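Q: Pasting a structure here, questions to come.
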Amino acid sequence: MRRISEIGTIAFVHQKEQLGLGHAVLMAKELVGDEPFAVLLSDDVMVNPGGVPVTEQLIEQYAAHRGSVIAVQRVPREAVGRYGIVAPVREEGRLVEINDLVEKPAVGEAPSDLAVLGRYILSPRIFDKLEMTPRGAGGEIQLTDAIRSLTREQPVFGYRFAGIRHDAGTRLGWLQANVAMSLESDQADEVRAYLRGLDLRD
Ligand code: G1P
């Protein structure tokens, strides 16, 4: 905790009403000011063992292309309803130029199988868009809807990041994230021994 407090200034803002992800991001408007910024959803645990961290990959793309960048990954068609889904206009390697997004579409209405995962580098213009975004899916102010509006006036890209995402919002995903990260830690040997010793017979 001490080390973390030494690497930067940490500030908190309180979202007094639970009006959705877009609303939560909007609460940081004054704190962020007029600069591009990163959004990290903590229930998406992203790891890229031995490689460039996922958020850093997105920052590199922002610097190279001067547009907002969203982490995306292909998901099975039947899972599109759990995610924001992007509409690609052009794909070049891992970079996907997008001109539309839909939050949690029905399977038949999804514009692709490229899902938004919880890392974004956003232009500060998003705050103006969020202020004008009405409640969307689930009655919440959706970040996806504000980004959709942003695509109308600024470039927005998806980036098929290198790495693995664990959905820590589910019990199994949370466990997988813990196992994966423990196996990369300085206690990896003990963790491996513990897992090997588990009696998993029914
Ligand atoms: C949020 C976003 C969604 C994104 C997802 C990734 O949804 O609204 O666009 O695909 O995170 O985990 P939530 O999981 O909060 O319902």
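The values are calculated or read from the model by the stated rules, or taken from the named source; none is laboratory data. Everything quoted here is computed from the prediction, not taken from an experiment. Don't worry about glycine lacking a Cβ; one is built from the backbone with ideal geometry, like all the others, and counts go over all protein chains shown. The area values use the complete protein model at the heavy-atom level, side chains included, leaving out ligands, DNA and RNA. Shrake-Rupley method; radii C 1.70, N 1.55, O 1.52, S 1.80 Å.
Q: With a 10 Å radius around each residue's Cβ, average the other Cβ atoms per peptide and rank 42-55, 111-124, highest first. Working shown, then result.
A: On the way: 42-55: 15.1, 111-124: 21.5.
In descending order of packing, they fall as 111-124, 42-55.
Q: Angle, helix 171-182 long axis vs. longest principal axis of the chain, Cα atoms, 0 to 90°, nearest 10?
A: Long axis of 171-182 versus the principal axis of the chain: about 70 degrees.
Q: Taking springs between alpha-carbon atoms closer than 10 angstrom, which of Leu41, Leu172, Leu19 fluctuates most in the Gaussian network model of the chain?
A: Greatest mean-square fluctuation among the candidates belongs to Leu172.
Q: Report, to two decimal places, the Cα Rg of the range 1-51 normalised by 2.2 N^0.38 Å (N = number of residues).
A: Its radius of gyration relative to the 2.2 N^0.38 Å reference: 1.41.
Q: Then there is this: Could you estimate the translational diffusion coefficient of the range 111-202 from the Stokes-Einstein equation, with Rh from the Kirkwood formula over C-alpha pairs, at 20 °C and 1.002 mPa s, in whole µm²/s?
A: The diffusion coefficient I find is 127 µm²/s.
Q: Provide Rg over Rh for the chain; use the alpha carbon set for both Rg and the Kirkwood Rh (inverse mean inverse pair distance). List each step's numbers first, then the result.
A: Numbers: Rg = 18.4 Å, Rh = 18.4 Å.
Answer for the chain: 1.00.
Q: If you take the Cα atoms of the range 67-115, find Rg, then find the Kirkwood Rh from the mean of 1/r over all pairs, what is Rg/Rh? Spell out each step's value before the answer.
A: Working: Rg = 10.2 Å, Rh = 10.8 Å.
Answer for the range 67-115: 0.94.
Q: Under 5 Å between amide H atoms, partner at least 5 residues away or on a different chain: which partners does Asp100 have, H built in plane at 1.01 Å?
A: Ala87
Q: Which chymotrypsin sites (Phe, Trp or Tyr not before Pro) in the range 1-93 sit in a loop by DSSP (not H, G, I, E or B) and have at most 13 other Cβ atoms within 10 Å of their own Cβ? Present the calculation step by step, with values, prior to reporting the outcome.
A: Numbers: sites: Phe12, Phe37, Tyr62, Tyr83; in loops: Phe12, Tyr83.
Of the chymotrypsin sites (Phe, Trp or Tyr not before Pro), the ones in loops of the range 1-93 whose Cβ has at most 13 other Cβ atoms within 10 Å are Phe12.
Q: Within the range 9-72, list the GluC sites (Glu not before Pro) lying in a DSSP loop whose Cβ has at most 10 other Cβ atoms in a 10 Å radius. List each step's numbers first, then the result.
A: Values: sites: Glu17, Glu30, Glu56, Glu60; in loops: Glu17.
Here the GluC sites (Glu not before Pro) that fit, given the DSSP loop and packing criteria, are Glu17.
Q: Just the number please: accessible area per residue for the range 56-202, 1.4 Å probe, all protein chains included, in Å².
A: Working: 8140 Å² over 147 residues.
Counting only protein heavy atoms, the per-residue value for the range 56-202 is 55 Å².
Q: How large, in percent, is the carbon and sulfur part of the accessible surface of the range 54-202 at a probe radius of 1.4 Å?
A: 49 percent
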